[in-house]
1. Could you look through segment B:50-66, keep only residues that are surrounded by 23 or more Cβ atoms within 10 Å (Cβ to Cβ) and aliphatic (A, V, I, L, M), and pick out the one that is farthest from B:VAL172 (Cα to Cα)?
2. Can you list residue pairs whose Cβ atoms sit under 6 Å apart, with the first residue in segment B:1-15 being within 7 Å of chain A (Cβ to nearest Cβ) and more than 14 Å from B:GLU270 (Cβ to Cβ) and the second being hydroxyl-bearing (Ser, Thr, Tyr) and part of a loop (DSSP other than H, G, I, E, B)? Count only pairs 6 or more apart in sequence or on different chains.
3. With respect to A:ARG77, is the statement that it is closer than 23 Å to B:LEU362 by Cα and surrounded by fewer than 16 Cβ atoms within 10 Å (Cβ to Cβ) true?
4. Among (1) at pLDDT below 90; (2) more than 30 Å from B:ASN87 (Cα to Cα), where does B:ASP235 come up short?
5. What are the pairs with Cβ atoms under 8 angstrom where one residue, in segment A:208-223, is within 17 Å of A:ILE8 (Cβ to Cβ) and the other, located anywhere, is part of a loop (DSSP other than H, G, I, E, B) and of a type in the set (A, V, I, L, M)? Sequence gap at least six, or different chains.
6. Tell me, yes or no, whether segment B:246-261 has at least one residue that is surrounded by 22 or more Cβ atoms within 10 Å (Cβ to Cβ) and within 14 Å of chain A (Cβ to nearest Cβ).
7. Output the number of the condition that A:ILE108 fails; it satisfies all remaining conditions of (1) among the aliphatic types (A, V, I, L, M); (2) surrounded by 22 or more Cβ atoms within 10 Å (Cβ to Cβ); (3) more than 8 Å from every other protein chain (Cβ to nearest Cβ).
8. Output the helices (runs of 4 or more DSSP H) that fall wholly within segment B:161-279 and possess 2 or more residues being within 25 Å of B:SER296 (Cα to Cα), or say none.
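The values are calculated or read from the model by the stated rules, or taken from the named source; none is laboratory data. On a predicted model such as this, the values are computed, not experimentally measured, just so you know. Please note: Cβ atoms are built from the backbone with ideal geometry, for glycine as well, and neighbour counts cover all protein chains shown.
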Amino acid sequence: MNRDRIAIDVQEVVKTYEEGRIRALSGATLQVREGEFVAITGPSGCGKSTLLHLIAALDRPDSGRIVVDGMDLAEVRDLSTYRSHRVGLVFQLHNLLPTLSASANVQIPMYEAELSLWERRAKAQRLLEAVGLGDRANTPPIKLSGGERQRVAIARALANDPPILLADEPTGNLDSKAGEMVLDLLRTIQQKRGVTLVLVSHDAQIASAAERVVRMLDGRVVDEGLSGHPAG
Amino acid sequence: MPFFMLIFRNLLRQRIRTLLTALGISLGITTVVALGVVTHSLKATAEDILHAGGADFAIGQSGSADLSFSTLTEEQLEDVAAYPEVNHAIGVLMAFSSLGSNPYFVQLGIEPSDLEHFDVPLLEGRYLARGATDEMLLGEEGASQLDKNLGDTVELKDRTFTVVGIYRTGNVWEDGGAILPLATVQEYERKGGLMTLIYVKAKVGTDLDALTARIEEDHPELATLRTLSDYNEVDQGMQMMDAANLAISFLAVFIGGIGVMNTMVMSVMERTREFGILRAVGWRQRRVLQMVLGESVLLCLIGALIGSILAVVFTRAILIFPAVRSFLEPEYTPDVFIRGLVVGVAVALLGALYPAIRAVRLSPIQAIRYE
């Protein structure tokens, strides 16, 4: 990990929907360093989730550039490999597959990696242990609490050891205690694994857990500042 | 979890829907396999008919629409018998009539003296006596259906015949009927001096291809029958059956395909968000395609398995009818089941094509936002 290196470089990104009638991003610019924990905050509809989705290559910007680990996403032909190996995504809703066990859910992204069945199982078990759910590997999501489900989703996001973790309102659907646990877990992972963590939250208190807080308004980054949490 | 298991688990999400779709497919496969079994068995029986009595080949009337309409004369029999390569030429007149519970009781009229050269393995009794007009050899299945034994009498065509022998050739068609004196059958069928087929036994070492070619060249009105394709030339029934089989198979694929498409479209639409998640965590379009097609193929294979079992049950069940038993001995060859399997996979691919394309074309972000 090189703290001076730019991991994510978003330059003047514009994104509109419905033939330009809805302007989600209006020239957003953001830089995130390798291993940094950045929170993007702002009111509902300010474009923070859209920005995160563009970094995750779930969508393409209308204009501007997004460079991740030196790769201009506009030039990446194989976005599937980028999504499976370069970034890990945690959604507000856990989005686990209901018929699969926690372990099988964690293994989902690993189908695109060159891993044997046994390697997948062992790795999923290690990841579940890392999020404190080693003993719930065979439990389906329906039998897990909201916080546990989100921890399984975090384990899934780490399945292919991505250097960047993107979390979209990961505590938005949880009670405060479970939310705090999930936040602690994300912070621990970021520090222990040295991953770059970008977290989107409308909650300023949640966002304050980050090293740096970026505030967005009307599709632009309007303010950047250090929070009280230094780099680990 | 192996990828295959993931596909299997997806099918278990909507168990009732999966089961009903598989049952729907299985009905089509049942039709295809059962028709295949029946067609194959009838062809095997037809091929046996051409070599009845241990003949090298049979001769019928060229261009007849159905083998039973073939009409040959005693002169033609003599002409064939005159070929130096021919050891024995035996004229047979076929007749069909309702007897007991069998509406298609087969009667083969053969000159009693020819029975020495026409291999009819007797289980008990003796051959027809020369000059006898009221004796009958009864096939084993025919005897069983009529509940007759050696020495019993059988009423047929206002005549009373005495069963003097019971035989078994292994051909259901022959074993379900009887062998009678040729003159008697010609008389009650009002076909004096006429026959349906001539069975030829050639001398050892004869080039059969050359002999049959010469007979046909010398007698264009005759058709020599050694193989099933020869049989088709004098009987359009097999070709019609093949055509019907093909048409029904296509229909089964089409109807089954619509059913599978309905199920898979519903399944894909219900899981739009899930496909978005899978794409978001890095699944390639190809893997999503494999999953949707895999679910469909697995569904159809289950249908094919059930359909094949039902086809066997059905083709065994129809044997309770004596009429069927007298001409059909189901033969379960691998190619018939492979055809069912191929139809199943065709149904799967046809039915899943549109939903699979829809699934892979989903934009991850639009799919995730789908409610």
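1. At the first step, the residues of segment B:50-66 found to be surrounded by 23 or more Cβ atoms within 10 Å (Cβ to Cβ) are B:55, B:58-60.
Still in the running and aliphatic (A, V, I, L, M): B:55, B:58-59.
On the way: B:ALA55: 17, B:ALA58: 18, B:ILE59: 21 Å.
Within segment B:50-66, the match that is farthest from B:VAL172 (Cα to Cα) is B:ILE59.
2. Close Cβ pairs (under 6 Å, with a partner that is hydroxyl-bearing (Ser, Thr, Tyr) and part of a loop (DSSP other than H, G, I, E, B)) amount to B:ARG9/A:THR99.
3. Values: closer than 23 Å to B:LEU362 by Cα: yes; surrounded by fewer than 16 Cβ atoms within 10 Å (Cβ to Cβ): yes.
Yes; evaluated as a whole, the condition is true for this residue.
4. Result: B:ASP235 passes all but (2).
5. Listed by first residue and then by second, the contacts come to A:GLU211/A:ALA231.
6. No - not one qualifying residue is present in segment B:246-261.
7. Failed condition: (3).
8. Details: elements: B:172-175, B:182-188, B:208-218, B:228-234, B:237-270.
The helices (runs of 4 or more DSSP H) meeting that bar are B:237-270.
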